[in-house]
Every structure is written in structure tokens, then in C-alpha cells.
Amino acid sequence: MGDLMSSGFHAARNVLVAVFLGLVSVFAVPSPSAAEFETPQLAPWGLKTKGEISSLGNWDALGWALAQTGDHIYAGGNFLEVTNGARTESQPYLARFETSTGEFDPSFRPTIGGAIYALAPSPDGGLFVGGDLKSWNGQSIGALAKIDPATGARWPGFETRIYGGTSSVRDIKVESDGWVYASGTFTTAGLNGNTVAVDNVVRFNPTSGVIDTNWLPQLNGPVDGVSRSKTSAVTYISGGFTTVNGSADTPGFVGLDDNGTIAFNRPIESLNRQLISCPDRLGPEYCSRMYDVEATPQGYVWITGIEHATYQISEVTGQIKNAHFTVRGPVCWGLNAAERQGIPECRSGGGDGQDLYTVGDRVYATCHCFGGVFSSTDPTDLYIPTTGWANTPIIADGYVKPVSGVIAFDANTGNVDSNFDPYMAGTSGGWGVLDSGDGCLWMTGDFSQVGQPGVEQTKPGRDLVRLCDGGIAPELAVVEAPASCSVSVVGVDATVSWDSVDGADGYRVYRSVDGGSEFWQGRVVAGVSSFDSVLRAGKSHQYLVAAVKPDGSSTDRTLCGAPVTDSPVVGVVAPASCSVSVVGVDATVSWDSVDGADGYRVYRSVDGGSEFWQGRVVAGVSSFDSVLRAGKSHQYLVAAVKPDGSSTDRTLCGAPVVAN
């Protein structure tokens, strides 16, 4: 029982977690609540080929839930196959992997009728499974099953059924009050022919399956997440509902007592009232929706969901302690799509929170977010405004760091943990997270790649990621803060430079705007001692730099001279002339260099069509290689880049050219 854990959209992290963590400490296994992870992807196998259209068919993610029993990790989702790149095996919706190696276990072969969204180990050794199941090993099953995780067969004697409506279970929690909670979109729960009408959430005994008919809250929409308080007799639920027991006072999130009546209301500041898309265009069901809820032993309840939001709420006061939003980072503002390429915090406009998972003093929030995270202790000051919301939150100085589908928070303070910084790529982002107790963290969702191109080794994500720490670190050499630091400014572009530090594993750059708090701007790898930043017009910016020690912690911060502001932009003109030479299908574009230019942008029109951006060339280079399309006419143009990032007019590069 002590080695059972789970996670996903969703899964139980009940009292078993506390037991498990106790065993971990006895054997001195590093815990991801304190450890930092090496970025290399260590899951050799992953998921492949999307299954049938499901109740959550608008998501690209193949993986939705993770669980652990003994020496195995279970991944559930909407996939039909598993693969290691060289070999592909058919194993729809639920697959088993070795915990220590990540290797696929071909001996586990249940047949399932639909996608899986929730996994939760049972105290008696079983494994609860929820989703759009329909059938299990050929038997009609509804949306819930309890199985033997060793064989994949249904658990003997467990006959509880959940079905009706769209018949989907999205979360399962085995809680310390002795109940199993299941939530989703369903209308009926039954046992041995006796049924009861339910509204998308129910609780039952984990062994007998007996349903608690005294706890039947009335919800008018989906229930995506459920979590029992660790400090009081309250059960929290989250989802797309707008009324609870007939009341419209607490949409999307509510706390219920053991009679199913309202005991905890949603803070009004978390209702996303300032969004351009809410509520007029998309409606209150969308705007209020929270995809998951997680009550922690620290006395807080966390909720995450729409719109791009995660909140830490005090169970004692009912007030929000911290608010977090994911959108593009400040470095992206004002850049077009081409210019944002390759900048980590510019990959998307952020995304909604999707799942929550607690281990030790860390709370992990997954999201379809590949941009930046902003934080504030005052949720009325941090929200996405009614214009430009995809790019810019209202409090720009709340920016913390870039994120890649998963964010780590300190479970006590609620602050973003900037030391957790894996780089991953994808679209739908993360869903399930699991601490396997051996110093590794598993994640599933929609992850196509792990590792930052051009900076570190990259590996396929295959929607199943395993990151591990380095074990017990040896005694480390003393690493000092940079001896000095300075900032040079051209227009709105600032370059921060510092003295390199022996033994440093990199550097962290911070910035204070107009005397405000010092926020993390970015991390620079070892061997690099400069960092480019973009200033805010009319603001005063104080930069600081800290060295990163080999254990991941930081030195004190070195002040980079006096605060700086944006400077007047030197006049930059378009190139005086431009020409194209052609050899076969290879074209070389050449132009006159321009004083003060920060680089050049090359454009091309084919057969008189629109002028499309071809590439950017750094300052000091005045030529660009291109490949012509056979039988087509190509008109090239070049513009100089001003120090503020804008472009001059485009210079025509002679007459159109064709391949010869």
C-alpha cells in the first residue's frame, strides 16, 4: 500500500501519498519536492496515434493520467499505440512501463473501449480507472472500472457502475475520509441493480462500492476535479458548472460539507470578469471553468483553469493568497510571429491550467502554456485585460519566468519555483504529473520534444516524459556572486554584461522596474556572460545578476550599476541599393550596409504575390542565401532593422530573377 501513487486528468493523491513519502524518507531517495531535474528525456517509450473521438476530443494530448503501483507506471489517455521510435506496439488507452527504466511492459494487455482520463490506486491493491471506457475486456462497464493492476482483469466483486449522459469520468480521488470521489459528466450511479440519480460527481466505498446517497450535490455542468480538504471536513470540486444546489454564487469551484451543502465559496476576484472573451462572447460556463482543484496539507486549496489562471486560496480566510497567469513574456511584446521564433517565452500566448499535483512542499500545475508566467499577491491587479489579452497581462512587472507546459510552485508561499525549468515543446501541454519516488518526475499530455534546441540535447517527447535528478550531490566548490555587472542601452534594447564566475553553472538575471520588486528575467548557460533585454518606454530599470551554483541554488545578486531607461534611437535608413546573383537555383541577395542597423530582414515575392519574410541577418552581414523555385519569378527586398526592433522601408533588389 505504501508504494501506490497516481496523477492525471485526473487521479488520486490521497493519504497514500503521505505514507509513500514516509517510506521515501526512510530509504533516503531524493524527492522531486526538493530536487532539481536534469532536462534530458529519460522515457525511452511514449504514446502514439490518437484514438476515437472522445468527450474531450478538442485536445491534442494523447496522455491524460499517470499512476504507480509497485515497480510499474501506468499511463492512460486517448492513444492506440506505444512506441520507442524504432518499434511500435498496439496497446490502446492504457499502457504499463517499468518504473526504473521507462521500458514498455508488453505482458499487460487489457482491452478497453475508450479513452482514459483518470487513474487512482485503491488501498486494497486495486486500480480505479475512469474515462470514456464503455467496455473492459469485452464487458460493458460504463465510465468507471476497478482492475487488478497485475493482470489488467476487472477486480473481483466490484460492481459499482457510473454512466448516463456523455458517460465520462474525468477525476478519481481516494481520500483519507474513506471515500472514493469520481467526477465528470454522468447522470447515474448504481450497484447490484440499485441506481441513484447524480449530477456529475459521486462518492463510494473503495472496497464494497456502496454509494453514499446522503452526499448528492446538484451541479448543472461538468465536474472536472475533486479534492478533499486535509484540514477540515470539506470536499472541493471544480469544473464547468454555474450553479450548485440551485445557487449561482460560486460557479466553477465550490467546497461542500458531508451533507453536500455549500461550505466554501469561490473568491469573486478569481472569476475572470475582465476578459475580452468573457462573458459576452463565450458565456459564463466557459469563463468560470476551473479544470482542477487540489487541497494541500499546508491549509490551502489551489484551483487552475480558465482563463490561463492558477490561484492559491487560504482555507481559513477564503481569500486568494497568490494569483498566476500564463501569457507571452515581456520580451515578446511588439514582435511579430517570425520575430518570436526561437524565444522560449514567446512560443504561445500562454494557456489554461489543466491539472494539479502535490508532492511534499511543491505543487505542480500543468497547462497548455508555452510562454511566460506572471504572478501577484493581489488578484485584482493581475488579470488579462479587455484588449490584447493574448499577449499582455495588466501587471507587466509580475513576470516571473518562461514555462513549458508544467509550472512548479512552493506549496507554502505560493510563489513560482524558478529552479524548476525544464524546456519542452507541444500544443495541448501537460495533464498528468507523477513523482515515482526514485528521484524522477513523470509527465504526460502533449509533449513533442524535450530539451531546448541550440542549447542542449533534444529528444522526442512522445507525450510521455521522465525527468530525473542527479541523486545525492557531492560537496560543491564555493561559487561567488559576479564581481561586477553593467548595462548598455541602444533605444529600447539593453545588454546586461557581467564578470564570469569560476564554477558557476550559469547565471540568473533579475530586473526591478520603477523601484518595484525584482523579477526573474532569464537564465544564461555557463560560459555566457551577457543577456539581452527589452526596456519599457519611459520606465526606470534596475538589473541584477546572480551566479547559479552546481546544486541549482543562486548566489547573492550583483547590482548592475545605476538604473537605466530607454535611449533615443539613432536614425537608421533603408539600404541604398540591393542586388541578386543567381547560379542554378541558388540566389545570393547582397545590399549596402547601413550605419546603426541592428540587422536586416529579407523578403521575397513569388510570381507577383505577397512579400513574405525570408529571414533575419545579424548586424555586420550584408548578404543572404536563398533557394529559387523552378519556373517561378522571384522579387527580393531588404529592410534594415532599427535598434528598437522595427524595420525601415524595404529596398527593391533589382528586377525579379528566375533559376537558370
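The values are calculated or read from the model by the stated rules, or taken from the named source; none is laboratory data. The structure displayed is predicted, hence computed values, not measured ones. Note that each Cβ is placed from the backbone with ideal geometry, even for glycine, and that neighbours are counted across all protein chains shown. Remember, those area values only see protein heavy atoms, side chains included, never the ligands or the DNA or RNA. Shrake-Rupley method; radii C 1.70, N 1.55, O 1.52, S 1.80 Å.
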Query raised in the report: What residues from the range 597-618 fall in the zone where the backbone N is under 19 Å from a label point 7 Å along the Cα-to-C-beta line of residue 646?
Result: 597-602
Query raised in the report: How far apart, in nm, are the 7 Å Cα→Cβ label points at residue 532 and residue 231?
Result: 4.7 nm
Report summary line: Descending packing, highest mean Cβ count within 10 Å first, for 445-457, 322-334 is 322-334, 445-457
Query raised in the report: At residue 448 and residue 72, where each label point lies 7 Å from the Cα along Cα→Cβ, what is the point-to-point distance in nanometres?
Result: 3.2 nm
Report summary line: Rounded to the nearest 0.05, FRET efficiency between residue 214 and residue 176 (Cβ-Cβ, R0 25 Å) equals 0.85
Query raised in the report: Average projected area of the Cα convex hull of the range 610-660, in nm²?
Result: 4.3 nm²
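Expressed as a rounded percentage, what relative contact order does the range 60-147 have, with Cα pairs under 8 Å and six or more residues apart? Provide the component values of the computation, followed by the final result.
Working: 193 pairs, mean separation 19.2, N = 88.
So the answer I get is 22 percent.
Which value in Å does the Kirkwood hydrodynamic radius of the range 576-660 take, with 1/r averaged over all unlike C-alpha pairs and then inverted?
12.8 Å
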Query raised in the report: Given q = 0.05, 0.09, 0.10, 0.12 Å⁻¹, what are the Debye log10 I(q)/I(0) values for the chain, with equal point scatterers placed on the Cα positions and solvent ignored?
Result: -0.26, -0.79, -0.94, -1.23
**Report entry** Estimated translational D of the range 398-473 in µm²/s (Stokes, Kirkwood radius over Cα pairs; 10 °C; 1.306 mPa s)
**Finding:** 119 µm²/s
Query - Net charge of Cβ neighbours under 13 Å - reference residue 621; Lys, Arg +1; Asp, Glu -1 - result: -1
Query raised in the report: How far is helix 15-26 tilted off the main Cα axis of the chain, in degrees rounded to 10, range 0 to 90?
Result: 70 degrees
Query - Solvent-accessible area per residue, Å², over the chain with all protein chains present [probe radius 1.4 Å] - result: 37 Å²
Query - FRET efficiency, residue 257 to residue 90 (Cβ-Cβ, R0 41 Å, nearest 0.05) - result: 0.30
Query raised in the report: Taking the simple approach of a point 7 Å from Cα along Cα-to-Cβ for both residue 583 and residue 109, what is their distance in nm?
Result: 5.9 nm
Query raised in the report: Among 522, 489, 162, whose Cα sits farthest toward the positive end of the charge dipole of the chain (+1 at Cβ of Lys/Arg, -1 at Cβ of Asp/Glu, about the Cα centre)?
Result: 162
Report task. Could you tell me what percent of the accessible area of the chain is made up of carbon and sulfur, with a 1.4 Å probe and every protein chain present? Result -> 51 percent
**Report entry** Among the listed pairs 50/146; 50/134; 459/549, those beyond 19 Å (Cα-Cα)
**Finding:** 50/146; 459/549
Report summary line: Projected area averaged over all directions for the convex hull of the alpha carbon atoms of the range 94-195, nm², comes out at 7.0 nm²
Query raised in the report: What ranking do 633-640, 299-306, 312-319, 150-157 get when scored by the average of other Cβ atoms within 10 Å per residue, highest first?
Result: 299-306, 633-640, 312-319, 150-157
